[in-house]
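In what follows, a structure is listed as structure tokens, so that the remarks can point back to it.
The values are calculated or read from the model by the stated rules, or taken from the named source; none is laboratory data. Keep in mind that this is a model prediction, so the values were computed, not measured. Neighbour counts run over all protein chains shown; Cβ positions are idealised from the backbone, glycine included.
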Amino acid sequence: MEKQKYEDIRGDGRLMLWQRGGPDQNFSVRITVPGSKSYRRLSTKTSDLKEAIKVALALYDDLYHQVRTTGSIHSKTYSDVFEKWWRSKEK
């Protein structure tokens, strides 16, 4: 089994890119955003390194904006939002 090679895109540990398996496998990225206590792992959906870096940077920007506006790196489901609204209506 080949050891996975992790690449630190920004040099600060916030964007770690890796590829499982062979060169035909898609890259994955682990994103840590300031202001968040956790991280997200996502697929870049490409096996091309240059394209994977572009996708990873765009995902970072999206998650950074999400944390700044909602305070969480994880998206809320429709069910979560509806339940919160329903509970606020009952008061």
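For every residue, the table says whether it meets (1) of a type in the set (Ser, Thr, Tyr); (2) assigned to a strand (DSSP E or B); (3) out of contact with any strand residue (DSSP E or B) (no Cβ under 8 Å at 6 or more places or on another chain).
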{"position": "LYS5", "(1), (2), (3)": "no, no, no"}
{"position": "LYS37", "(1), (2), (3)": "no, no, yes"}
{"position": "ARG40", "(1), (2), (3)": "no, yes, no"}
{"position": "THR46", "(1), (2), (3)": "yes, no, no"}
{"position": "ALA52", "(1), (2), (3)": "no, no, no"}
{"position": "SER72", "(1), (2), (3)": "yes, no, yes"}
{"position": "PHE82", "(1), (2), (3)": "no, no, yes"}
{"position": "TRP86", "(1), (2), (3)": "no, no, yes"}
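Going through region 43-56 one residue at a time, which ones are under 14 Å from the mean Cα position of the chain (by Cα) and either surrounded by fewer than 15 Cβ atoms within 10 Å (Cβ to Cβ) or over 19 Å from SER75 (Cα atoms) (or both)? SER43, LYS45, ALA52, ILE53, LYS54, listed by residue number. Of everything in region 1-34, what is in contact with a Leu (Cβ under 8 Å, 6 or more places away or on another chain) and among the small types (Gly, Ala, Ser)? Give them in sequence order. Across region 1-34, the qualifying residue is only SER28.
Of all residues in region 24-42, those that are over 19 Å from GLY11 (Cα atoms) and exposed (fewer than 13 other Cβ atoms within 10 Å of the Cβ) total 3. Listed by first and then second residue, the pairs with beta-carbon distance under 8 Å, at least 6 apart or on different chains, first residue in region 71-84 and under 23 Å from LEU42 (Cα atoms), second among the aliphatic types (A, V, I, L, M) and assigned to a loop (DSSP other than H, G, I, E, B), are ILE73/VAL33. Apart from one condition, PRO23 fits all of (1) at pLDDT below 90; (2) within 11 Å of the chain's Cα centre (by Cα); the exception is (2).
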